[in-house]
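The values are calculated or read from the model by the stated rules, or taken from the named source; none is laboratory data. Everything numeric here is computed off the predicted structure, so don't read it as measured data. Neighbour counts run over all protein chains shown; Cβ positions are idealised from the backbone, glycine included. Just the protein is used for accessible areas: all its heavy atoms, side chains included, with ligands, DNA and RNA removed. Shrake-Rupley method; radii C 1.70, N 1.55, O 1.52, S 1.80 Å.
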Amino acid sequence: MENARIGGWQFFLLVFNFTIGTAFFLRPGGMIAAAQQDAWLVPLWAGAAVVLIACLWLILAEGNPGLSIVQICIKAAGTKIGGFIALLYIWFFIQTSSWVTRNLGDFMKSTLMPNTPISVFHFMFLIVVCYASVKGVESIARANEFLTPAVVFLLVAICLFAVAEWKWERFEPMFQLHVWETMRETRALIGFPFLEVVSLMMLAPYVKSGIKTALLLGIGLAALLLSGIIFVTIGVLGVTRASHFTYPLFIIAQELRIAEFIERVETTIVIVWLVWIFIKLCITYHCAVTGICQLFRLSDRTWIAIPLMLLVSGFAITFSDNVVENIEWDKRYIFQYASIYGVVFPVLLIILTRVRRGRNKDGREAA
């Protein structure tokens, strides 16, 4: 395993940025279309649900100290079955990396550079991400710690300047949502981005201390920020306009005027999103590389990280034909799919860990 250590604060920032990553740009429009004026409440209940689910991940980590989730699979379920589950987790990391890469390409091609081949955007990012993965988790954590204050400040500043277009009438009538129907329509938010945070259990062995607080606070703060972004989007654009845009926050920045002479602020929000995409992609890519090395007992990450670029880029291109098809798949299947890795497998591994521990205890007593 990589010889690296990161602090609880660094892990908190990794959890926060991984969770908010692509969601703050992709989720508001769909949430507003489903829940109307009360869409800002959806991230709060989704985040609360996943904070409870994250307790399962912590129980699993406590039962297997010093091990990543891939190593826990092998230890708890054995070489064959555990190795198969570990392989599925590696596939999940690779697929998540492909989704993030495709989201980047779709946005750049549809809004900024429509004549540029989408694969160009993919490789521009993947080359840097591959290098970051080879350098290790400490380098990723330090870069994340350095970039976080800047991107959060820019995002908050844009939201504050956008308040000039605010109208409270756009929230009327409030608290009219049908709870169970809205939860069914918006459960995809639990799958993406919240259940994807299980990927960070690959980094748990590197955290010096405070992993519980860092994980739960990171998820909770990301949920609050996402709720705030949706709240601002409704107040500025209104339900009808916001629900018809794929990237409503980009539209807010595009229409923003500061002091009557500062325009084209959308480039700033693009920088914020590219930084968060970079951080999330670094984490998922590093998890995939580390998982492969741990499963097959390889010591050199370089020769895994380089060819993995081609695999991730290939999946990103073939995953869907366009952004609309991507959104439709996400709406229908992401909750069920992510629940397998975020809920079903962790519960199974907790049971197997306790069964194995009970057998070992009985064996020692018999001896």
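For a test of the definition: using alpha carbon positions, the gyration tensor, and the 1.5 limit on a/c, classify the chain as rounded, prolate or oblate.
Prolate is the answer for the chain, as a/c is 1.5 or above and a/b outweighs b/c.
Could you look at segment 1-88 and say what percent of its accessible area is carbon and sulfur, using a 1.4 Å probe and all protein chains?
Using a 1.4 Å probe with all protein chains present, segment 1-88 comes out at 69 percent carbon and sulfur.
Highest first, please rank the peptides 208-216, 291-299 by the mean number of other Cβ atoms sitting within 10 Å of their residues.
Final packing ranking: 208-216, 291-299.
Within the accessible area of segment 104-225, what % is carbon and sulfur when the probe is 1.4 Å and the other protein chains stay in place?
Numbers: 4130 of 6140 Å².
Within segment 104-225, the accessible surface is 67 percent carbon and sulfur.
Using a 10 Å cut-off on Cβ atoms, rank the peptides 232-241, 47-56, 328-337 from the highest mean neighbour count down.
232-241, 47-56, 328-337
Under a GNM of the chain (C-alpha, springs under 10 Å), which listed residue has the highest mean-square fluctuation: Q95, Q36, Q254?
Per the Cα network of the chain with a 10 Å cutoff, Q254 tops the list.
Using a/c under 1.5 as the rounded threshold, could you call segment 268-324 rounded, prolate or oblate? The axes a ≥ b ≥ c are square roots of the C-alpha gyration tensor eigenvalues, and prolate needs a/b larger than b/c, oblate otherwise. Could the numbers behind the result be given before it?
Values: a/c = 2.98, a/b = 1.58, b/c = 1.89.
Cα axes put segment 268-324 in the oblate bin.
Go ahead and estimate [θ] at 222 nm for the chain from helices alone: -39,500 (n - 2.57) per DSSP H run with n ≥ 4, summed, over the residue count, rounded to 500. Could you put the intermediate results ahead of the total?
Working: 15 runs with 260 residues, N = 367.
One gets -24000 deg cm²/dmol as the mean residue ellipticity at 222 nm.
How far is helix 137-162 tilted off the main Cα axis of the chain, in degrees rounded to 10, range 0 to 90?
20
At 1.4 Å probe radius, can you tell me the per residue accessible area of the chain in Å²?
45
Which percent of the accessible heavy-atom area of segment 268-312 goes to carbon and sulfur, probe 1.4 angstrom?
About 71 percent, which is the carbon plus sulfur part of the accessible surface.
Using a ≥ b ≥ c from the Cα gyration tensor of segment 21-141 (square roots of the eigenvalues), is it rounded, prolate or oblate, where a/c under 1.5 gives rounded and otherwise the larger of a/b and b/c decides, a/b for prolate? Could you put the intermediate results ahead of the total?
On the way: a/c = 2.40, a/b = 1.26, b/c = 1.90.
Oblate.
Mind giving me the FRET efficiency for E181 and F319? R0 is 30 Å, r the Cβ-Cβ distance, nearest 0.05 is fine. Present the calculation step by step, with values, prior to reporting the outcome.
On the way: r = 29 Å, r/R0 = 0.98.
E(calc), rounded to 0.05, equals 0.55.
Could you sort the peptides 219-227, 144-152, 282-290 by per-residue average Cβ neighbour count (10 Å cutoff), highest mean leading?
The most tightly packed comes first, giving 282-290, 219-227, 144-152.
Quick one: angle between helix 345-366 and the longest Cα principal axis of the chain, in degrees between 0 and 90, rounded to 10, please.
Roughly 20 degrees, rounded to the nearest 10.
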